[in-house]
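Remarks on the structure that follows.
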Amino acid sequence: MMKQENHGDEGANLHASQDDMESLVLDEPPPSSNGQSSPSASTSVERHSSTATTSSTSQNFNSILEPPSYADAIFTSFDSSSSNGQENPKQPSYQSDPPTRSEFLKIWVSDPEKELELTNSLVPGGTSYYTYLITTRTNMPEYGGPGSEFTVRRRFKDVVTLSDRLSESYRGFVIPIRPDKSVVESQVMQIEQFVEQRRAALSKYLNKLAVHPTLKKSEELRLFLVVRGKLPLAKSVDMASRMLDGAVRLPRQLTGEAAAVTDVNEAAQPAKGGRDLLRIFRELRQSVVNDWGGVKPIVVEEDKEFMERKEKVAEFEQQLSNLSQQAESLVKAQQDIGETMGELGLAFVKLTKLETEGAMFESQTIRATDMKNVATAAVKASRLYRELNAQTVKHLDKLHEYLGVILAVNSAFSDRSSALLTVQTLSSELVSLQSRIEKLEATASKIFGGDRSRMRKIEELKETLKVSEDAKSCAVREYERIKENNRSELERVDRERHEDFMGMLKGFVLNQAGYAEKMANAWEKLAEETSAYKRDGN
């Protein structure tokens with residue numbers, strides 16, 4: 001239904017006029033299976049003969065506002081890439097499995113249900129939430145092979161946990177961005193509309209994970225889709241708890257009561273978690289030195305090809321954002337012209353009825369017939385614009401989708417930068433430790449018999465040096481692993497982008513051409529019906 005703003009009586013009149021326009025009968029055969037219509041499918045109203053009476057004409061025009069026969073017609077996309085219908089959120093449409101020779105993992109999200117949190121809250125209904133039925137069909141061996149099907153119920157918090165676990169376990173990968181929590185939208189929108197919007201977003205997100213060549217085989221995703229009941233994935237400790245833990249450890253690290261060196265196991269993880277504030281401070285200091293110190297870090301990013309790719313990604317994001325805005329403008333323009341064309345057609349209908357009711361001469365009857373033909377063509381064009389706009393949104397939405405892909409790519413780049421910073425920080429720490437050891441050894445050598453306290457300190461520093469070297473080796477391996485993940489993921493994204501954009505352009509162009517032809521047929525038919533004006537003018 002076309003959208004209009006309601007402003008008092010004028011808004012009410014517009015709403016009523018839209019209902020009238022939707023109920024107009026257009027004399028044409030139903031659309032063919034390929035979504036195309038022949039020229040004869042346009043308006044079939046013929047010019048009244050000179051012997052037609054006013055009463056018969058009035059009866060004919062009164063039939064214009066009969067129940068709809070065309071308004072609810074559903075067009076088929078010209079590119080045949082997908083059906084025009086939408087997924088039924090309550091009853092997912094299970095299609096036949098793909099050929100068993102290729103792996104597939106298909107996920108449906110449906111049947112949202114409101115549940116109550118099992119807590120000791122005294123506020124009735126204050127801790128309610130929605131769960132969604134997640135159905136999975138696959139032939140992958142990780143899930144049990146051909147014919148495997150699973151159903152579980154999950155809440156949005158479980159999806160957040162899944163996303164966090166994937167981000168921690170697959171650093172450097174281009175991981176699809178999960179749907180936002182949308183706290184503001186949940187308060188503004190109608191609850192049914194919000195729940196349906198979230199259901200659709202979760203379905204889209206999970207199916208993106210399902211087609212990722214690495215993530216679809218992850219243990220995290222398998223547990224999320226297969227295991228019923230409570231999600232068997234450890235939840236991330238919230239940031240406040242991590243910072244508190246780090247604050248407790250910091251004084252002991254500064255006084256030497258606790259290890260002030262990066263643990264080997266923690267070296268492969270980012271410092272931003274907050275459990276080791278001293279490490280965060282060190283990496284922050286290293287970042288400042290890199291940017292403002294004027295001294296080249298011991299370890300730097302030397303992959304020129306990667307730096308060039310990174311710059312191209314930034315340029316692509318800028319151009320993609322601009323193109324997405326232009327696509328939105330196109331959709332708005334098509335919507336406006338469709339609504340305007342419909343209002344024009346309805347205005348002609350009303351004028352036609354007025355002319356017919358008071359017709360006293362044959363010329364009035366002929367003029368009324370021509371206006372009816374114009375009205376019919378305009379209303380049909382309006383409906384075609386509406387269908388065209390739906391197809392335009394479907395295809396050009398790929399632009400907006402790839403803005404999310406770019407966010408995921410930048411997140412993978414951030415994993416790489418974080419890993420490099422860890423290597424740089426540990427390298428600087430090793431240089432500092434080695435320098436301190438050399439100074440203490442030089443001082444101790446000047447004292448006859450040695451200085452036991454200095455010798456003990458030297459041994460402690462050497463032990464710290466050894467642990468730091470091991471941590472650096474682990475950090476370097478993690479950095480190299482992330483680099484390789486970045487490289488393979490960029491190649492994958494480039495391949496998929498080529499296929500996706502080719503499909504988007506094909507669908508957009510074919511539908512623009514197809515609907516333009518249908519509209520041209522309607523106006524061409526009208527031109528033939530009004531060709532008498534040319535003869536009369538001559």
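The values are calculated or read from the model by the stated rules, or taken from the named source; none is laboratory data. This one's a predicted model, so the numbers in the text were calculated from it and none came from an experiment. We place every Cβ from the backbone using ideal geometry, glycine too, and count neighbours over all the protein chains shown. Keep in mind that these areas ignore ligands, DNA and RNA; they rest on the heavy atoms of the full protein, side chains included. Shrake-Rupley method; radii C 1.70, N 1.55, O 1.52, S 1.80 Å.
A few remarks follow.
- Qualifying positions in the stretch 376-385 - in contact (Cβ under 8 Å) with a residue 40 or more places away in the chain and open to solvent by less than 40 Å² (accessible area, probe 1.4 Å): T376, A377, V379, K380, A381, S382, R383, L384
- Pair list, Cβ under 7 Å, 6 or more apart: the stretch 460-486 residue without any contact (Cβ under 8 Å) to a residue 40 or more places away in the chain and among the hydrophobic types (A, V, I, L, M, F, W, C), other residue open to solvent by less than 50 Å² (accessible area, probe 1.4 Å) and in a helix (DSSP H, G or I): L461/L433; L461/I437; L465/L430; L465/L433; L465/I437
- Test for S411: is it closer than 30 Å to I175 by Cβ, touching a residue at least 24 places away in the same chain (Cβ under 8 Å) and of a type in the set (G, A, S): yes
- Candidate set: the stretch 302-357, residues that are of a type in the set (A, V, I, L, M, F, W, C) and within 28 Å of E491 (Cα to Cα); chosen: the one surrounded by the most Cβ atoms within 10 Å (Cβ to Cβ): A327
- Test: residue in the stretch 126-149 that is modelled with pLDDT of 90 or more, among the hydrophobic types (A, V, I, L, M, F, W, C), outside any helix (DSSP H, G or I) and more than 18 Å from K208 (Cα to Cα): no
- Filtered residues of the stretch 426-484 (kept if more than 58 Å from the chain's Cα centre (by Cα), of a type outside the set (A, V, I, L, M) and either buried (at least 17 other Cβ atoms within 10 Å of the Cβ) or part of a helix (DSSP H, G or I) (or both)): E441, T443, S445, R452, S453, R454, R456
- Within the stretch 302-324, one or more residues are of a type outside the set (V, I, T), modelled with pLDDT under 95, outside any helix (DSSP H, G or I) and under 30 Å from Y479 (Cα atoms).
- Residue list for the stretch 167-185, restricted to those being modelled with pLDDT of 95 or more and not in a loop (DSSP other than H, G, I, E, B): none
- Applying a threshold of 6 Å to beta carbon distances and a minimum spacing of six or more residues, or different chains, the list of pairs starting in the stretch 101-127 at a residue that is open to solvent by 80 Å² or more (accessible area, probe 1.4 Å) and ending at one that is in a strand (DSSP E or B) and at pLDDT below 90 reads K114/S128; L116/S128.
- Selected residue [within 30 Å of V313 (Cα to Cα) and buried (at least 18 other Cβ atoms within 10 Å of the Cβ)] from L388, L403, L421: L421
- Taken over the stretch 349-368, the criterion of being more than 18 Å from V379 (Cα to Cα) and either part of a helix (DSSP H, G or I) or without any contact (Cβ under 8 Å) to a residue 60 or more places away in the chain (or both) is satisfied by L354, E355, T356, E357, G358, F361, E362, S363, Q364, T365, I366, R367.
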